[in-house]
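These notes concern the structure reproduced below.
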Amino acid sequence: MTPSRRSIKNMGNNDILRGEAMDRGLTRLTALIIILIVVIAAAGGGAYYMISRRRAARKPIVVGAALSLTGKYGRTGEWYKLGYELWVEEVNKKGGLLGREVKLILYDDQSDPTTSENLYEKLITVDKVDLLLGPYSSAIVFPVSSVAEKYKMLMVEGGGNAKKIFSRGYKYTFLTLPGLAENITLGLFKFIESLPPDERPKTVAIINAKDLFPEAIAAGAKYYCKKYGLEVVLEEEYPKEATDLTPLLTKVKGVNPDVLIGGTYFPDSVLIVKTLKELNWRPKIVFLTVGPAMPEFWETLGEDAEGIMGESWWEPTAPWPGVEEFVEAFREKYGKDPDYHAACAYAAGQVIEAAVKAVGEIDHTAMADYLRTHTIETIVGPLDFTEAGYPTLGPLLIQWQDGERVILAPEEAATGKAIYPLPSTWS
């Protein structure tokens, strides 16, 4: 039977409809496959993202620093190393920062400012550290702080406190030494003012190493002499690498001041005392910086250190929270008491720790802003930072007596009375 034209037409239409239906089915299937691929890819990407997050969470937070472990400042720089390392150990015992282990990369700048500057560039651009702890000495902190500012990285340091460092409008450098170098002699002048008028010294000789920090000491001492009415009878600098100060101290002896103030580091503070003994002469007060605050001062000089005054930014007997635990941990790890350099280094770690925990991430601008607006509790005291980045607590006046550092001022922290005046000869 021959099909009619209509039936043939209907058959064709049915084929077309079936074809269209098949096409629609294939299209839907293709779409479903594409959606499935996208979902799988997204799930895989999400898994990768989560794995990456977990890996990042496990990755250590790297803290970088360069210190003077050799060269002129090597003896003092070693104290900062001990303080930094103890802080890293203690913070890791508490679970690290942001749940991550803290790792320290430490270089030796050989007491050279240019070397230190280059090492901090390396820490930031090559080692890609997360956080910075500072170097030692104002002469080195000064150029290094420019590196931190250039890369907008927070740097907390306890080794450079010359006012010049904090007079440039920088936003990322913070100091844990509780005051500026220019104010170091203030405790001495307040002690002088506390004496009966007829017992007060009247004349002062000021000498200092030719370097940023000692120059700041001398400038501050000169200012306070004028403020408190003492006459400066001699003011002179010497090379920071000096190994013979006999001509200078002979000159000082010749003008016979009541007070000798020395803007010194450890080596020249020891050299001054040895030379004074050789000359068999002493003024009523000998005040030197850095050296007298270190245990090695008595270890090196023995009884010749008796009666020498100096500044200290911290002592193991300080009343601040955490001091006792810090001293105990330091003794256990290193077998000796810490000095203020080690304490200020440890406190630098505490400041970084507080900023990271408060902000909740490594955001250097946010951390710097936080430090300027909050009091940070540390073992060197509660630190309230100025807009420039330094605190304003002030130093202690100390004196060596019978092999111990005795705190003379401020009165609320005093542990003894001053030996004053010193005998004029050493015999």
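The figures follow:
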{"quantity": "Which numbered condition Ala293 fails, given (1) of a type in the set (Gly, Ala, Ser); (2) in contact with a Phe, Trp or Tyr (Cβ under 8 Å, 6 or more places away or on another chain); (3) in the same structural domain as Gly77 (by TED's automatic domain parsing)", "calculated": "(3)"}
{"quantity": "Residue list for segment 286-306, filter: assigned to a loop (DSSP other than H, G, I, E, B) and crowded, with 19+ Cβ neighbours inside 10 Å", "calculated": "Thr289, Val290, Met294"}
{"quantity": "For Val129: the one exception among (1) more than 15 Å from Leu67 (Cβ to Cβ); (2) surrounded by fewer than 23 Cβ atoms within 10 Å (Cβ to Cβ); (3) of a type in the set (Val, Ile, Thr)", "calculated": "(1)"}
{"quantity": "Criterion violated by Lys152 - all others in (1) under 30 Å from Glu361 (Cα atoms); (2) without any contact (Cβ under 8 Å) to a residue 40 or more places away in the chain satisfied", "calculated": "(2)"}
{"quantity": "Complete set of residues in segment 313-329 that are farther than 24 Å from Val62 by Cβ, modelled with pLDDT of 95 or more and either buried (at least 19 other Cβ atoms within 10 Å of the Cβ) or of a type in the set (A, V, I, L, M) (or both)", "calculated": "Val323, Val327"}
{"quantity": "Residues being in a helix (DSSP H, G or I) and either hydroxyl-bearing (Ser, Thr, Tyr) or closer than 13 Å to Glu311 by Cα (or both) - total across segment 191-211", "calculated": "2"}
{"quantity": "Among (1) surrounded by 20 or more Cβ atoms within 10 Å (Cβ to Cβ); (2) without any contact (Cβ under 8 Å) to a residue 40 or more places away in the chain - the single one Ala216 does not satisfy", "calculated": "(2)"}
{"quantity": "Residue that is modelled with the lowest pLDDT, among those in segment 35-91 that are more than 26 Å from Gly322 (Cα to Cα), part of a helix (DSSP H, G or I) and among the basic types (Lys, Arg)", "calculated": "Arg55"}
{"quantity": "Cβ-Cβ under 6 Å pairs, at least 6 apart or on other chains, segment 287-301 side without any contact (Cβ under 8 Å) to a residue 12 or more places away in the chain, far side outside any helix (DSSP H, G or I) and buried (at least 24 other Cβ atoms within 10 Å of the Cβ)", "calculated": "none"}
{"quantity": "First in segment 350-376 and over 14 Å from Thr386 (Cβ atoms), second anywhere and loosely packed, with under 14 Cβ neighbours inside 10 Å and modelled with pLDDT of 95 or more, Cβ under 7 Å, 6 or more apart", "calculated": "His364/Lys152; Thr365/Lys152; Tyr370/Ala358"}
{"quantity": "Test: residue in segment 345-360 that is of a type in the set (Lys, Arg), at pLDDT 95 or above and either more than 21 Å from Pro295 (Cβ to Cβ) or buried (at least 19 other Cβ atoms within 10 Å of the Cβ) (or both)", "calculated": "yes"}
{"quantity": "Leading residue by the ranking (nearest to Ile419 (Cα to Cα)) among those in segment 250-285 that are of a type in the set (S, T, N, Q) and part of a helix (DSSP H, G or I)", "calculated": "Ser269"}
{"quantity": "So Thr365, is it assigned by TED's automatic domain parsing to the domain that holds Phe174 and exposed (fewer than 14 other Cβ atoms within 10 Å of the Cβ)", "calculated": "yes"}
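The values are calculated or read from the model by the stated rules, or taken from the named source; none is laboratory data. All figures in this text were calculated on a predicted structure; none of them were measured in a lab. Neighbour counts are summed over all protein chains in view; Cβ atoms, including those assigned to glycine, are modelled from backbone coordinates with ideal geometry.
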